[in-house]
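See below for the structure under consideration.
The values are calculated or read from the model by the stated rules, or taken from the named source; none is laboratory data. Just so we're clear, the structure is a prediction, and the values are computed from it rather than from any experiment. Note that we place each Cβ from the backbone using ideal geometry, even for glycine, and neighbour counts take in every protein chain shown. Accessible surface areas use protein heavy atoms only, side chains included; no ligands, DNA or RNA. Shrake-Rupley method; radii C 1.70, N 1.55, O 1.52, S 1.80 Å.
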Amino acid sequence: MIAVTLDRPWLIADLGQPLRLLSFAPHRPGFVSASRVLWREVRNADLTREFDAISWLGHEMSARGDDDAIGMLTSRNIGQNHLESAVSGRISASCLATVGLTNAERVGHRLPALAGAYGTINLLAVTDAPLSDTAMIEAMTIAAEARTAAVITHGPDLPTGRATGTGTDCIVLGCPGGSTAYAGLHTDVGEALGRAVYNAVAKGTREWMETRGA
């Protein structure tokens, strides 16, 4: 469902065919059709307040002929990516995630920004369930819930409480276009998506914690 290629400084997820995608990615956000999702690795030192990251990423995507792909940015080592799959009933789902927690936050609270400290959870969650636009929005909430549950279970404690994510997380959700109306926790697609995202983010979070000596 997701074919992964590491071509530094790019991590490329090939979906095999154009899918309906929903995201708040910096390059081609919203509801779009695409067959590839790319991560662009950057250095923390590059991400100054004056740096126009969105315009720069658009130029980088165009330079490699991927204007029509979705693009995300991360300062996480893209070699440390995690791909997990899950099945519920006749529905399959996969998630590719990179997990950095340098700028972790607890939802509803905000810590002072640390200069040059950027980390993010970027994930692509894909299912073969043909979802309506409304169901895709619901499925996006399932992916976010699974990400948060994984970080709460395996992630760091902050002065504001246990981390629930980072200040720059990004989620891309993909599926065939269709008329399936629901994608909640009681459905096969909700279960498969939730498990795939949870497992991918949990592995990435544990890896991040271990490399930080936490």
Criterion: over 24 Å from ARG206 (Cβ atoms) and either part of a helix (DSSP H, G or I) or among the acidic types (Asp, Glu) (or both) - qualifying residue of VAL151, VAL189: VAL189
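For segment 9-25, give me the residue count where each residue is open to solvent by 40 Å² or more (accessible area, probe 1.4 Å) and within 19 Å of MET136 (Cα to Cα). Step through it out loud before you land on a result.
Residues of segment 9-25 open to solvent by 40 Å² or more (accessible area, probe 1.4 Å): 9, 14, 16-18, 20, 24.
Among the residues that remain, those that are also within 19 Å of MET136 (Cα to Cα) are: 17-18, 20, 24.
Of the residues in that region, 4 qualify.
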From VAL107, VAL151, residue being within 16 Å of the chain's Cα centre (by Cα) and either within 29 Å of PRO9 (Cβ to Cβ) or open to solvent by 50 Å² or more (accessible area, probe 1.4 Å) (or both): VAL151
Test for VAL189: is it in contact with a strand residue (DSSP E or B) (Cβ under 8 Å, 6 or more places away or on another chain), more than 25 Å from PRO112 (Cβ to Cβ) and at pLDDT 95 or above: yes
Segment 74-92: number of residues that are assigned to a loop (DSSP other than H, G, I, E, B) and at negative phi: 7
Pairs with Cβ under 7 Å, 6+ apart, first in segment 187-208 and among the basic types (Lys, Arg), second surrounded by fewer than 24 Cβ atoms within 10 Å (Cβ to Cβ): ARG195/ALA86; LYS203/HIS82; ARG206/HIS154
Tabulated pairs, segment 2-31, first without any contact (Cβ under 8 Å) to a residue 60 or more places away in the chain, second open to solvent by 70 Å² or more (accessible area, probe 1.4 Å) and acidic (Asp, Glu), C-beta under 8 angstrom, 6+ apart or interchain: ARG28/ASP68
Hey, ARG43 surrounded by 13 or more Cβ atoms within 10 Å (Cβ to Cβ) and of a type in the set (Lys, Arg) or not: no
Any pair with Cβ under 8 angstrom, 6 or more apart, that starts in segment 78-89 at a residue that is at pLDDT 95 or above and open to solvent by 60 Å² or more (accessible area, probe 1.4 Å) and ends at one that is in a loop (DSSP other than H, G, I, E, B) and not β-branched (Val, Ile, Thr): SER85/MET1
